[in-house]
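None of the figures in this text is laboratory data; all of them are computed from the coordinates on show. Being a predicted model, the structure only gives us computed values, none of them experimental. In this analysis, Cβ positions are derived from the backbone assuming ideal geometry, glycine residues included, and neighbour counts consider all displayed protein chains.
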Amino acid sequence: MTRCYWTQTYSGRKVRLDEPTPDMIDMGDIAHHLALLNRFVGATRQPYSVAEHSLHVCDYLIKLYPDDRELALYGLLHDAHEAYLGELISPAKWQMRAEAGVDAYEALAERLDKAIFQAAGLPPAMSPRIALAVADADAVMLATEARDLMSPHPDDWGLKAVPWRYVNVSDPFTWGDARTRWLALFKELMV
């Protein structure tokens, strides 16, 4: 059997995982795929999508840096590669790296990110300043989502959740609403 190194998207596009290019990327596909992917591999009390997580990361960055459209767009797109690779929890990535000595998932994600960012008109990689701001917002949302959506656990993950007045994720969007909102915010940031 011949191996193929591409995946088919919702719209029927072929996206090569070995050599993705910006012309293979469709933001409608990304919105659709992320809206149907559950965060925390489904360990939440109710469905909560990667699309909604990305919306909250972006919104949080907009609150902190209201005049930085590029930062907000990177925040919205920070997990867009999961539209093609699926949601893989960080502990699984760390374990794979420890066992294999390489980070194959991260290599694929970086390749896809480059094509996705370019398709959105962004530089192919985040600057160190943007990468740090996005990582910080992502960590804050992780703690917030764990607080609001997961079963109680004595470990606070060593992270600080966002105060309720900034974001409340305890009533997640439907998958259709998450998809629509993600695509609408993308289009808004592209203006």
Under 9 Å, Cβ to Cβ, from Ser11 - net charge with Lys/Arg +1 and Asp/Glu -1: -1
Can you classify the range 40-135 as rounded, prolate or oblate using the Cα gyration tensor, where a ≥ b ≥ c are the square roots of its eigenvalues, rounded means a/c under 1.5, and otherwise it's prolate if a/b beats b/c and oblate if not? oblate
Calculate, in nm to one decimal, what Glu188 and Arg45 gain on full extension: separation in residues at 0.36 nm each, minus their alpha carbon distance. 48.4 nm
Quick one: dipole size for the range 1-64, taken about the Cα centre, charges +1 on Lys/Arg Cβ and -1 on Asp/Glu Cβ, in debye to the nearest 20. 220 debye
Efficiency of FRET from Cβ geometry, Ala92 and Leu132, R₀ 41 Å, rounded to 0.05: 0.95
Using DSSP loop states and a limit of at most 11 other Cβ atoms within 10 Å to flag chymotrypsin sites (Phe, Trp or Tyr not before Pro), what is the longest stretch of the chain containing no flagged site? 6-163
Cα-based shape type of the range 28-72, given that a ≥ b ≥ c are square roots of the gyration tensor eigenvalues and the cut on a/c is 1.5: oblate
Dipole in debye (nearest 20) - the chain, about Cα centre, beta carbon charges: Lys, Arg +1; Asp, Glu -1: 200 debye
Apply the a/c threshold of 1.5 to the C-alpha gyration tensor of the range 1-56 and tell me whether it is rounded, prolate or oblate. prolate
List the trypsin sites (Lys or Arg not before Pro) within the range 1-66 that DSSP assigns to loop and that have no more than 11 neighbouring Cβ atoms inside 10 Å. Arg3, Arg45
Which is farthest toward the positive dipole end of the chain among Thr144, Gly42, Ile25, measuring Cα position about the Cα centre, with Cβ charges +1 (Lys, Arg) and -1 (Asp, Glu)? Ile25
In debye, nearest 20, what is the charge dipole magnitude of the range 33-125 about its Cα centre with +1 on Lys and Arg Cβ and -1 on Asp and Glu Cβ, if you could check? 160 debye
